[in-house]
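Here is the structure we will look at.
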Amino acid sequence: AAMYSGAAAGPPRRDFISVTLGPEEAVGVGGYNNSKAWRRRSCWRKWKQLSRLQRSVILFLFAFLAVCGVISYTSMGEAWKSITNKSLDDQRTEQEIPRLKLANPAVLPAPQKADANHGDYPELSLQKPPKLPHVRRGPSNLQIKAPQRDMRLKAQHDTMRAVEELVEVNKVEKTEKSIISWRGAVIEPDQSTEPPSNKITEPEKPSSVETEDQKEPVPINERQLAVIEAFRHAWKGYKDFAWGHDELKPLSKSYSEWFGLGLTLIDALDTMWILGLKEEFEEARKWVENDLVFDKNVDVNLFESTIRILGGLLSTYHLSGDSLFLEKAKDIGNRLMPAFKTPSKIPYSDVNIGRGTAHPPRWTSDSTVAEVTSIQLEFRELSRLTGDEKFQKAVDEVMKHVHTLSGKNDGLVPMFINTNSGQFTHLGVYTLGARADSYYEYLLKQWIQGGKKENELLEDYMRAIEGVKKHLLQRSEPKKLTFVGELAHGHFSAKMDHLVCFLPGTLALGAHNGLAADHMKLAETLIETCYQMYAQVETGLSPEIVHFNLHAQKGHKDVEIKPADRHNLLRPETVESLFYMYRFTGDKKYQDWGWEILQNFNRYTRVPTGGYTSINNVQNPSNPEPRDKMESFFLGETLKYMFLLFSDDIDLINLDKYIFNTEAHPLPIWVPA
């Protein structure tokens with residue numbers, strides 16, 4: 001024990017702690033010693049004075065801080081490394097990416113102004129254009145010809161003069177014919193068992209091509225003029241009462257919002273271009289340039305925004321060559337990418353395009369199979385145009401994953417898939433209607449878009465069509481109409497959605513591209529059924545869903561309609577298939593059926609002040625009960641397919657050069673350089 005200075009030593013004590021002080025400290029003069037040795041001894045003595053609990057707590061805190069420091073350092077290092085690697089990868093991609101060429105010139109001629117003074121619908125006369133020559137299937141060499149020039153979109157009063165002028169133009173403007181060697185419709189599945197490379201082309205600007213030996217332009221006809229008049233009437237209502245908003249409510253002269261992104265306007269852009277409505281197109285373009293903003297705190301549906309907005313912008317870019325639309329497409333495409341950040345890579349259904357977050361619906365963690373497998377055409381094309389492979393990679397992973405899944409029934413898929421597990425849910429229910437329909441459509445169309453190389457897509461499509469034949473086809477009574485029903489846990493239902501009427505057109509497209517001839521035969525029987533879904537109804541308009549009679553009953557038609565299913569939403573699927581069937585067969589009856597449908601739209605859904613409306617009751621001609629809503633797809637799809645159906649110009653969106661997405665937006669078919 002130490003003692004105070006100058007004091008006698010005393011007996012040792014065990015109940016206190018003694019501290020040794022130097023002589024100067026004892027008298028209070030200069031008592032502070034700041035040497036390192038002194039500080040170490042002082043700190044150690046203070047440490048020893050602490051209880052065992054206090055020392056344990058301090059040691060734990062030091063250990064915790066040390067661990068946190070190590071973790072933070074590691075995370076920052078990985079982030080920096082990933083940024084560096086990404087930069088290097090981007091440089092490599094730009095150097096290594098091979099170029100692809102389009103199978104077609106990407107720009108259609110600028111639209112010519114249609115006759116603004118054309119009379120109202122009741123004054124139009126029916127004209128039957130000359131029969132379309134049969135379109136040869138499966139060419140091994142595809143001649144690429146420039147889109148027809150100005151005449152196609154001239155009004156009726158100067159049609160003959162326009163034809164004469166264009167004949168003179170064609171004599172002056174002749175260039176060498178372009179021929180691209182292409183496998184075309186010939187199926188050669190054994191030539192390539194690997195899908196195309198994920199490397200995406202460098203961005204390309206669309207360019208128009210002049211060719212010699214250009215055909216005489218096909219003049220616009222009365223039925224097409226009727227479509228133009230219908231479009232203008234619908235557009236008038238939208239412009240007057242819903243400009244810049246999603247959808248028109250024509251009866252109340254107002255609008256409804258879904259995403260707040262001008263859905264009707266964007267959906268209609270390429271329709272206006274194709275119909276030759278230059279003035280309306282330019283006005284809409286200004287809105288896109290000045291008012292279309294995606295930096296909004298709003299949830300959008302991944303599928304609907306992809307097919308309507310992204311698809312519409314990409315299509316309009318290709319038709320017009322205007323880079324504004326590509327820039328907008330890149331913006332919305334990037335904002336939709338958070339949907340793919342799921343454990344399974346199966347995308348969520350909803351994306352907040354302002355916050356960059358995504359989530360499933362509130363009531364489930366499932367997405368519908370049709371929605372996650374019907375965004376591929378658009379994202380793949382966005383990658384091709386921008387050179388950024390992330391878009392195609394995300395959607396290709398979805399298709400490859402679905403290809404491997406169990407739960408299919410001879411190629412037929414369930415309606416739901418879980419975003420966490422990546423597995424099908426609600427097994428045992430199979431339909432070609434809502435929630436599954438466009439999965440089958442996009443199997444074929446991706447295969448065509450990519451140059452017919454991705455054999456997994458073709459295999460899945462062919463297997464699915466065989467599954468339809470085996471499990472879902474039945475014939476009705478009394479007319480023995482072939483229809484596509486549904487299968488639920490082994491029990492067949494004679495229910496068919498109007499949505500299923502996409503199938504005849506898809507089958508015909510496959511047959512045109514060299515698939516089995518019996519696909520075309522099936523298409524011909526199914527399009528007859530879809531027409532009867534209109535013809536056997538009092539208004540001549542199809543309901544949303546029909547049930548077919550499987551047994552003959554006196555006084556009963558083939559088609560039965562339940563009260564909950566008798567609404568009509570101005571849907572395009574039957575007109576879409578009529579367009580494909582006429583293009584590939586030249587049979588005039590398909591044009592006549594489409595003309596009947598257009599007349600009935602005018603008769604029962606047209607609103608005098610502008611616009612068309614969905615109706616609640618197709619069985620009541622005296623009061624079809626209007627719903628006061630014009631869906632964006634009426635302008636984006638229904639009227640576009642009507643106009644193309646009535647055209648005898650096969651180069652007006654040539655189906656050997658373009659593939660339509662499921663919202664009727666044409667995108668170019670690729671071929672290797």
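The values are calculated or read from the model by the stated rules, or taken from the named source; none is laboratory data. From a predicted model like this one, the values you see are computed outputs, not experimental measurements. With ideal geometry, Cβ positions are generated from the backbone for all residues, glycine too; neighbour counts draw on all protein chains shown. For the accessible areas, the whole protein counts, side chains as well, though only heavy atoms, and no ligand, DNA or RNA atoms are used. Shrake-Rupley method; radii C 1.70, N 1.55, O 1.52, S 1.80 Å.
Here are a few things to note about the model shown:
- Flag for F646 being open to solvent by 10 Å² or more (accessible area, probe 1.4 Å), modelled with pLDDT of 95 or more and hydrophobic (A, V, I, L, M, F, W, C): no
- If you filter the stretch 238-273 down to residues that are surrounded by fewer than 20 Cβ atoms within 10 Å (Cβ to Cβ) and within 17 Å of the chain's Cα centre (by Cα), you find that the one that is nearest to R285 (Cα to Cα) is F259.
- Enumeration of residues in the stretch 596-606 that are farther than 14 Å from M533 by Cβ and open to solvent by 10 Å² or more (accessible area, probe 1.4 Å): Q599, N602, R603, Y604, R606
- Residue match in the stretch 631-649 (condition: part of a loop (DSSP other than H, G, I, E, B), under 15 Å from K249 (Cβ atoms) and touching a residue at least 24 places away in the same chain (Cβ under 8 Å)): yes
- If the condition is being in a loop (DSSP other than H, G, I, E, B) and either closer than 19 Å to V575 by Cβ or of a type outside the set (D, E, K, R) (or both), then the stretch 495-543 contributes N513, G514, L515, A516, Q536, V537, T539, G540, L541, S542, P543.
- Close pairs from the stretch 280-294: first part of a helix (DSSP H, G or I), partner among the hydroxyl-bearing types (S, T, Y) and surrounded by 11 or more Cβ atoms within 10 Å (Cβ to Cβ), Cβ under 9 Å, at least 6 apart: F281/T316; F281/S320; R285/T316; R285/S320; V288/T316
- Flag if K629 is open to solvent by 30 Å² or more (accessible area, probe 1.4 Å) and under 17 Å from D267 (Cβ atoms): yes
- Hits in the stretch 342-369 - residues which are under 19 Å from V413 (Cα atoms) and assigned to a strand (DSSP E or B): D366, S367, T368
- Candidates in the stretch 215-268 are the residues that are assigned to a strand (DSSP E or B) and either touching an Asp or Glu at 6+ places or on another chain (Cβ under 6 Å) or touching a residue at least 40 places away in the same chain (Cβ under 8 Å) (or both); of these, the one that is farthest from L302 (Cα to Cα) is K249.
- Counted residues, the stretch 408-457 - those being charged (D, E, K, R), in a loop (DSSP other than H, G, I, E, B) and surrounded by fewer than 24 Cβ atoms within 10 Å (Cβ to Cβ): 5
- Residue match in the stretch 473-482 (condition: on the phi > 0 side of the Ramachandran plot and modelled with pLDDT of 95 or more): yes
- Candidate set from the stretch 528-547 (those that are of a type in the set (D, E) and within 19 Å of G505 (Cα to Cα)); member that is surrounded by the fewest Cβ atoms within 10 Å (Cβ to Cβ): E528
- Restricting the stretch 338-384 to residues that are basic (K, R) and open to solvent by less than 40 Å² (accessible area, probe 1.4 Å) leaves a set whose member that is nearest to V398 (Cα to Cα) is R380.
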